[in-house]
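A short write-up of the structure that comes next.
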Amino acid sequence: MGETEGKDGYFITKEEFFQKEWIAKTNYSGNFYGITHKEIEPLKRSHMVYVIDWDGFIYMKNKLKPIHKNAEAISIFIDVNIEDLQNRMIKQQRSDTEIKKRMDRLHMDLQVKYKCDYIIENKTTLENAVSQLHAIITQTNKVHC
């Protein structure tokens, strides 16, 4: 989908994936995603936004605490209008199979919506969602500094 090696991620085999020590990892719709301790180290003095599913978040939260005692992982659910999501994927010319997998996954994701610390309502504009994210970051910075 037009992603660039080293910029948008590192594209490795499943075998290579399972040989690495991840601080966060997940299997999302058949694709594996993760971030290593080495990659997260330079970011430890700043806020970091990492997009991950619920299982990946729990894995990361459990791995993070022993390594970074003062680190706090918060969960943010980005709520989207189902029809808008479907229409975006159609516009992007995603296959029927991809759209079905994503819709099935969305229904699973919605089951953990209210377990999250915050919910962003991404039902209008991208700018509005970014504004909500900024407010959460600002609020958590004030609480924990």
| field | Potential lengthening between LYS38 and GLU5 on full extension [0.36 nm per residue; Cα-Cα distance subtracted] | value | 10.1 nm
| region 1-126 - percent relative contact order, Cα under 8 Å, separation 6 or more | 23
| query | Counting only the heavy atoms of the protein chains, how much of MET103 is accessible to a 1.4 Å probe, in Å² to the nearest 10? | reply | 20
| Distance between modelled label sites at GLU72 and LEU133, nm, 7 Å Cα→Cβ extension | 2.0
| remark: Measure of exposure for ARG94: accessible area at 1.4 Å probe, Å² rounded to 10, is 80
| query | Once Lys and Arg get +1 and Asp and Glu get -1 on their Cβ, which of ASN87, LEU126, ASN27 lies farthest toward the positive end of the dipole of the chain? | reply | ASN27
| Overall Cα dimensions of region 71-145 - principal axes, largest extent first, Å | 47, 25, 18
| Ordering LEU126, LEU110 from largest to smallest accessible area (1.4 angstrom probe), what's the sequence? | LEU126, LEU110
| request: Would you mind checking the pairs LYS63/LYS100; LYS63/LYS101; LYS25/LYS123; LYS14/LYS63; LYS25/LYS115 and listing those with alpha carbons more than 24 angstrom apart? | output: LYS63/LYS100; LYS63/LYS101; LYS25/LYS123
| field | Whole-Hz ³J(HN,Hα) from phi, Karplus 6.51 cos²θ - 1.76 cosθ + 1.60, for region 24-31, glycine and proline x | value | 9, 7, 7, 10, 10, 6, x, 10
| field | Cα→Cβ-extended label distance, 7 Å offset, between TYR114 and ASN81, nm | value | 2.4
| Magnitude of the Cβ-charge dipole of region 1-136, K/R +1 and D/E -1, about the Cα centre, nearest 20 debye? | 340
| query | Mind checking the dipole of region 41-112: about its Cα centre, +1 per Lys or Arg Cβ, -1 per Asp or Glu Cβ, Debye to the nearest 20? | reply | 360
| field | Accessible area, probe 1.4 Å, largest first, for residues ASP79, ASP104 | value | ASP104, ASP79
| query | What accessible area per residue comes out for region 38-143, rounded to a whole number of Å², with a 1.4 Å probe? | reply | 72
| message | Taking only Cα atoms of region 1-119, what ratio of Rg to Rh do you get with Rh as the Kirkwood inverse-distance radius? | response | 0.98
| query | What FRET efficiency would be calculated for the residue pair LYS123, ILE12, taking the C-beta separation as r and a Förster radius of 35 Å, to the nearest 0.05? | reply | 0.50
| Taking the Cβ-Cβ separation of LYS61 and LYS101 as r and a Förster radius of 30 Å, what is the calculated FRET efficiency to the nearest 0.05? | 0.70
| Estimated vicinal HN-Hα couplings, Hz - region 116-121 in sequence order (Karplus 6.51, -1.76, 1.60; Gly, Pro = x) | 6, 5, 9, 10, 9, 8
| query | Considering amide H positions built from the backbone, and no H for Pro or chain starts, which residues 5 or more places from SER75, or on another chain, come under 5 Å of its amide H? | reply | ASP117, TYR118
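The values are calculated or read from the model by the stated rules, or taken from the named source; none is laboratory data. As the structure is a prediction and not an experimental result, all values here were calculated from the model. Cβ atoms come from the backbone with ideal geometry, glycine included; neighbour counts cover every protein chain shown. Remember, those area values only see protein heavy atoms, side chains included, never the ligands or the DNA or RNA. Shrake-Rupley method; radii C 1.70, N 1.55, O 1.52, S 1.80 Å.
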